[in-house]
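Take a look at the structure below.
Laboratory data are not the source of any read-out in this text; all were calculated from the coordinates shown. These figures come from a predicted structure and were not determined experimentally. Positions of Cβ are backbone-derived with ideal geometry, glycine not excepted, and every protein chain shown enters the neighbour counts.
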Amino acid sequence: METTPAHQEILNIKAMIDIGKQTIEIDCPSCKRKVKATFKQAADEVKVTCNCGQVIQLEDKNGTCKKAINDVNKAFKDLEKTFKSLGR
Ligand SMILES: [Zn+2]
């Protein structure tokens, strides 16, 4: 499949501000150190392990992270659609 330069640019922008890769910091309940996790991990409510060995269960309260990721993805899909129709 051939991609137009404009379309390629969209993909580059998307990679640049991929919200799922944004990192957040959580306080370790055990040692109080900051533990890094990605937005995506928070949305998926996965467990992360601190350097001290403490396992922290991530929580996406009210699905906030999931919603933010969906909103951004939807916006990009609309944008891609617009560019595709322009390239016709
Ligand atoms: Zn810790």
(request) May I ask for the angle, rounded to the nearest 10°, between helix 5-16 and the longest principal axis of the chain, with both axes built from Cα atoms and the value confined to 0 to 90°? (result) 10 degrees
(message) Between helix 64-86 and the chain, what is the angle of the helix's C-alpha long axis to the longest principal axis, kept within 0 to 90° and rounded to the nearest 10?
(response) 10 degrees
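Working out 0.36 nm times the residue gap between Val72 and Glu25, then minus their Cα-Cα distance, what length gain in nm do you get to one decimal? Display every interim value, and only then the final one.
Details: separation 47, 0.36 × 47 = 16.92 nm, distance 2.09 nm.
14.8 nm is the gain from fully extending Val72 to Glu25.
Please go through the residue pairs Lys21/Lys84; Lys40/Lys61; Lys40/Lys67 and name each one whose alpha carbons sit more than 19 Å apart in this structure.
Details: Lys21/Lys84 26 Å; Lys40/Lys61 13 Å; Lys40/Lys67 11 Å.
From Lys21/Lys84; Lys40/Lys61; Lys40/Lys67, over 19 Å: Lys21/Lys84.
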(request) Can you find, among Gly63, Phe83, Val48, the residue farthest towards the positive end of the dipole of segment 48-88? Put +1 on the C-beta of Lys and Arg, -1 on that of Asp and Glu. (result) Phe83
(request) Please work out how much length the chain gains when fully extended from Asn51 to Leu79, using 0.36 nm per residue of separation minus the C-alpha to C-alpha distance, in nm with one decimal. (result) 6.0 nm
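Charges only on Cβ, +1 for Lys and Arg, -1 for Asp and Glu: so what's the dipole of segment 20-86 about the Cα centre, in debye to the nearest 20? Working shown, then result.
Details: 14 positive and 9 negative charges, 30 e Å.
With only Lys, Arg, Asp and Glu charged at Cβ, the dipole is about 140 debye.
What is the sum of charges around Ala37, taking Lys and Arg as +1, Asp and Glu as -1, for the other residues whose C-beta is under 12 Å from the C-beta of Ala37?
Details: positive: Lys21, Lys34, Lys36, Lys40, Lys47; negative: Glu25, Asp27, Asp44, Glu45, Glu59, Asp60.
Surrounding charge for Ala37 is -1.
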(request) Any cysteines in the chain with zero other Cys Cβ atoms under 4.7 Å from their Cβ? List them, or say none. (result) Cys65
(message) At 222 nm, what value in deg cm²/dmol follows for the chain if DSSP H runs of at least 4 each add -39500 (n - 2.57) and the sum is divided by all its residues, to the nearest 500?
(response) -15000 deg cm²/dmol
(request) At q = 0.25 Å⁻¹, what is the base-10 log of I(q)/I(0) for the chain according to the Debye formula with one equal point scatterer per Cα and no solvent? Please give it to two decimals. (result) -1.15
(message) Springs between alpha-carbon pairs under 10 angstrom, Gaussian network model over the chain: which of Gly53, Gly63, Gly20 fluctuates most?
(response) Gly53
